[in-house]
Amino acid sequence: MKSNKISVLVVDDSALIRRLLTEIINAESDMQVVATAPDPLVARELIKLHNPDVLTLDVEMPRMDGLDFLERLMRLRPMPVLMVSSLTDKGSEVTLRALELGAVDYIAKPKVDIASGLQGYAELIAEKIRACSQARVASRAGHKASDQAQLRAQAVAASRKRTSYSTTEKIIFVGASTGGTEAIKDFLIDLPADMPAILITQHMPENFTRTFAERLDKLCTLRVSEAVHNQRILPGHVYIAPGNLHLEVTRSGANYMTFLHEGEPVNRHRPSVDVLFYSAARVAGANAVGVILTGMGKDGAAGLLEMKRAGAYTLAQDEASCVVFGMPKEAIAVGGVDEVLPLTQLPSRVIEHLGQRINRV
């Protein structure tokens, strides 16, 4: 008989990491490690044997690369996967590719003193495993994402407008967490180049946000970059909150400006969606559109409510299209959402709303 606990299979070539993750997971009353594996080939047999609820997966391992294993796994037996990656440029690139292939989330290994660092992450690791166990898993492996990305990047390069935009009053704010990297890509990818400026907070560490922005910039007609402090916000551009810095919008005369700071974490996050959304309510008011996407926890719910109270139009991704429905669910529960839609309908609804607003002016 299968236990009520969340069963976890730990796959990592490091005996130290396997032991530490096992200790952290087994210390929680609602989860347990059913087996560990030093490489994907051993893991494959253990998956058949134990049918785990969640798999933690390292990237660089002997006998088979973690990404190759993940791609095969998501094609043949889709299941919730939590990547364990390094806090490096290479690690961020590989992790984003893993999320494209269908991994639910990731946990970053500390750069130094792994033992104490992972112990410090114990609560976060447990939370992520719980979220993974409830996640809607959809394989992207069969979609030949890399081929599609290359074709789209070529089309964007050929069609992207090199216009110098003037300022506009309209501005869009987006918040996301677990599952958000792919949701944000899907939200942005078909938006036209003449959109109002878009500010985004996605829960990610340093290095990851820059790599994420660079990948999006190659795929989107909009210009996408990691936000810089005290930067003029222009239409046709997307600004991603840097890892470990809060992003806010401020005013300088007629212009919207970025404001980055190292304030205390909010809802245990820096950057925090609530910090961005509260600034949107203060500064942009009814000229703002707020969008909350898939994610674990409640970050952004209170801020989106404040935006709505200030006159902003607010949307949430629906449960069926979310990887994890936590953040949209909390925003809906507190009354902060005007409309709930599938991810595929959010871009066109934002465009429609902005067209209606502009026509009324």
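The values are calculated or read from the model by the stated rules, or taken from the named source; none is laboratory data. A quick note: this is a predicted structure, and the numbers were derived from the prediction, not measured. Virtual Cβ from ideal backbone geometry, glycine too; neighbours counted across all protein chains shown.
Just one of (1) touching a helix residue (DSSP H, G or I) at 6+ places or on another chain (Cβ under 8 Å); (2) in a helix (DSSP H, G or I) fails for Ser85. It is (2). Take Glu28 and tell me if it is assigned by TED's automatic domain parsing to the domain that holds Tyr106, assigned to a loop (DSSP other than H, G, I, E, B), acidic (Asp, Glu) and free of Cβ contacts under 8 Å to residues at least 60 places away in the same chain. Spelling it out, it is not the case that Glu28 is assigned by TED's automatic domain parsing to the domain that holds Tyr106, assigned to a loop (DSSP other than H, G, I, E, B), acidic (Asp, Glu) and free of Cβ contacts under 8 Å to residues at least 60 places away in the same chain. The residue list Leu41, Leu16 contains one member that is surrounded by fewer than 13 Cβ atoms within 10 Å (Cβ to Cβ), assigned to a helix (DSSP H, G or I) and in the same structural domain as Ser86 (by TED's automatic domain parsing), which is Leu16. Taken over segment 55-73, the residue count meeting the criterion of being within 19 Å of Leu96 (Cα to Cα) and either basic (Lys, Arg) or not in a loop (DSSP other than H, G, I, E, B) (or both) is 12.
Restricting Arg63, Arg97 to residues that are charged (D, E, K, R) and modelled with pLDDT of 85 or more narrows the list to Arg97. On inspection, Arg130 fails the criterion of being farther than 16 Å from Val323 by Cβ, at pLDDT 90 or above and of a type outside the set (Gly, Ala, Ser). Listed here are the strands (runs of 3 or more DSSP E) enclosed by segment 258-361 that have at least 1 residues being at negative phi and buried (at least 24 other Cβ atoms within 10 Å of the Cβ): 288-292, 313-317. Condition check for Pro52 on (1) within 27 Å of Lys218 (Cβ to Cβ); (2) touching a strand residue (DSSP E or B) at 6+ places or on another chain (Cβ under 9 Å); (3) not hydroxyl-bearing (Ser, Thr, Tyr): one failure, at (1).
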